[in-house]
1. Scan segment 243-250 and tell me whether some residue there is touching a helix residue (DSSP H, G or I) at 6+ places or on another chain (Cβ under 9 Å) and modelled with pLDDT of 95 or more.
2. If you go through segment 102-124 one residue at a time, how many are open to solvent by less than 10 Å² (accessible area, probe 1.4 Å) and over 11 Å from the mean Cα position of the chain (by Cα)?
3. Would a scan of segment 411-421 turn up a residue that is within 17 Å of Gly162 (Cβ to Cβ), assigned to a loop (DSSP other than H, G, I, E, B) and free of Cβ contacts under 8 Å to residues at least 24 places away in the same chain?
4. Looking at segment 340-363, I want the residues that are over 28 Å from Leu128 (Cα atoms) and have a partner that is assigned to a helix (DSSP H, G or I) with Cβ atoms under 8 Å, at least 6 apart or on another chain. Which pairs are those?
5. Of the numbered conditions (1) touching a His at 6+ places or on another chain (Cβ under 6 Å); (2) over 27 Å from Phe210 (Cβ atoms), Val62 fails exactly one; give the number of that condition.
6. Just wondering, is there one or more residues in segment 45-60 that are farther than 28 Å from Pro373 by Cβ and either in a loop (DSSP other than H, G, I, E, B) or open to solvent by 30 Å² or more (accessible area, probe 1.4 Å) (or both)?
7. Scan the helices (runs of 4 or more DSSP H) fully inside segment 143-207 and keep the ones with 2 or more residues being aliphatic (A, V, I, L, M) and open to solvent by 50 Å² or more (accessible area, probe 1.4 Å).
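The values are calculated or read from the model by the stated rules, or taken from the named source; none is laboratory data. Note that the structure is a prediction, hence the values are computed from the model and not measured. FYI the Cβ positions are ideal-geometry reconstructions off the backbone, even for glycines, and counts take in every protein chain you see. These accessible areas exclude ligands, DNA and RNA; they are computed on the full protein's heavy atoms, side chains included. Shrake-Rupley method; radii C 1.70, N 1.55, O 1.52, S 1.80 Å.
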Amino acid sequence: MASTVGPNWAGTYEFGAARLHTPRSTAEVQEIVAASPRVRSLGTRHSFNDIADSTGDLVSLVDLPPEVSIDADARTVTVAAGTRYGALAVALQAEGWALHNMGSLPHISVAGAVSTATHGSGNRNGNLATAVAGLEFVAGRGELVSVTREHPAFAGMVVSLGALGVITRVTLDIQPTFDVRQDVYIDLPWDALLESFEEVTGSAYSVSVFTNWLGDTAEGLWLKTRLVDGEPRSLPGTLFGATASVSKATSPADEGRDNTTVQGGVPGPWSERLPHFRFDATPSNGDEIQSEFFIDRAHAPAALSVLRSMGSRIAPHLLVTELRTVAQDELWLSMAYGRPSLGIHFTWKNDPAGVYALLPDIEAALAPFGARPHWGKAFTASAAAIAPLYERLPDFAALAALYDPDRQFRNAYLSRVLALPQ
């Protein structure tokens, strides 16, 4: 079935593809790919650029049944690629299992998230793609490919930006379920954050810092503490100079809407605490643009100080910035490849002219720190600036040529950002 594509989730990008297909089986995906000279996979439309677009066809698998299959002995779960993390989390929790982490939004699809190295937070937690143990995808000419971690190029296949084909099933590592408490502190002094950065970001299983870059304090410090054997852990009234919040905090980008997960130190399952937003509620504000840049955590205090100096220029265009940490990994196109990373996330007002005028200056300020942009968010850098940041990019280009010999999955984004010929 084909239909008009429409905009992305936030309404800030209009897809230009001619057709949107919603196949009901892997075999149908193969038929679509085999028949289309230009085709891309479309997830839950949470990207803020043209990464998922095509001049030909788009294939969406988000309406297929999740088909959750748990292998308790291997500690893995295999699921349909278009399944939203929230639906997967509910199914796993019901059977006593868990993922190692979740993104802020449980509404995003598994394949879309891992293909772009989307992440949660935690000094020791890898991004969502690090949990991938196996992939099934439809490559060029409709060929069905199945790979596991034993494949010598597996580290190049997981974060693939859709360049290798349409992912149909994903196998993820799982672990026994665990409980988490979520606590919010307000007015974290910048001096404390910069002087004790690793200590602050390592103070819980998952930590987020929210700021508008103005003043002497960051507005919010959100801690998600993993509980051992279900035992609650008491937290102090003040931490690093920040004060425990006496009321529930909503997202600074979406104040007034109660769509965030339970706070106040109340223990609950990982699936209902690790995301910021509830799966049964409308996620975030929507009327926004997002950018994110990743640097080596060793440079965090210096990079954050540079951005603070730009605070008066950033704040007028900003809803909120969120700072999160990601563990180092070895996935070729992961933003955390080869280095423990800090993700500096900007949720902008829906002001394209203002945002895109400011982004080159932010990118220039972060360039000395080797900042890597999030693949699915707004940025202005092209391949000339991005390619030197990824030492395995030539290997990835060879992999893309192997699995997409006719360049069916190429688009303007891959040409502009990775210099892959169309």
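1. Start the filter on segment 243-250 by keeping residues that are touching a helix residue (DSSP H, G or I) at 6+ places or on another chain (Cβ under 9 Å), which leaves none.
No, the conditions are met nowhere in segment 243-250.
2. First, pick out the residues of segment 102-124 that are open to solvent by less than 10 Å² (accessible area, probe 1.4 Å): 102-103, 106, 109-110, 113-114, 117, 119-122.
Subset that is over 11 Å from the mean Cα position of the chain (by Cα): 122.
Final tally of qualifying residues: 1.
3. Looking through segment 411-421, at least one residue is within 17 Å of Gly162 (Cβ to Cβ), assigned to a loop (DSSP other than H, G, I, E, B) and free of Cβ contacts under 8 Å to residues at least 24 places away in the same chain.
4. Asp351/His317; Gly354/Pro316; Gly354/His317; Leu358/Arg313; Leu358/Ile314; Leu358/His317; Asp361/Arg313
5. (1)
6. Taking segment 45-60 first, the residues farther than 28 Å from Pro373 by Cβ are none.
No: zero hits.
7. Once the helices (runs of 4 or more DSSP H) in segment 143-207 are filtered for at least 2 residues that are aliphatic (A, V, I, L, M) and open to solvent by 50 Å² or more (accessible area, probe 1.4 Å), nothing remains.
Listed here are the residues, each with its yes/no results for (1) over 14 Å from Trp270 (Cα atoms); (2) assigned to a helix (DSSP H, G or I); (3) among the aromatic types (Phe, Trp, Tyr); (4) touching a residue at least 12 places away in the same chain (Cβ under 8 Å).
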{"residue": "Glu67", "(1), (2), (3), (4)": "yes, no, no, yes"}
{"residue": "Gly82", "(1), (2), (3), (4)": "yes, no, no, yes"}
{"residue": "Leu88", "(1), (2), (3), (4)": "no, yes, no, yes"}
{"residue": "Met102", "(1), (2), (3), (4)": "no, no, no, yes"}
{"residue": "His107", "(1), (2), (3), (4)": "yes, no, no, yes"}
{"residue": "Ala111", "(1), (2), (3), (4)": "yes, yes, no, yes"}
{"residue": "His119", "(1), (2), (3), (4)": "yes, no, no, yes"}
{"residue": "Gly126", "(1), (2), (3), (4)": "yes, no, no, yes"}
{"residue": "Phe137", "(1), (2), (3), (4)": "yes, no, yes, yes"}
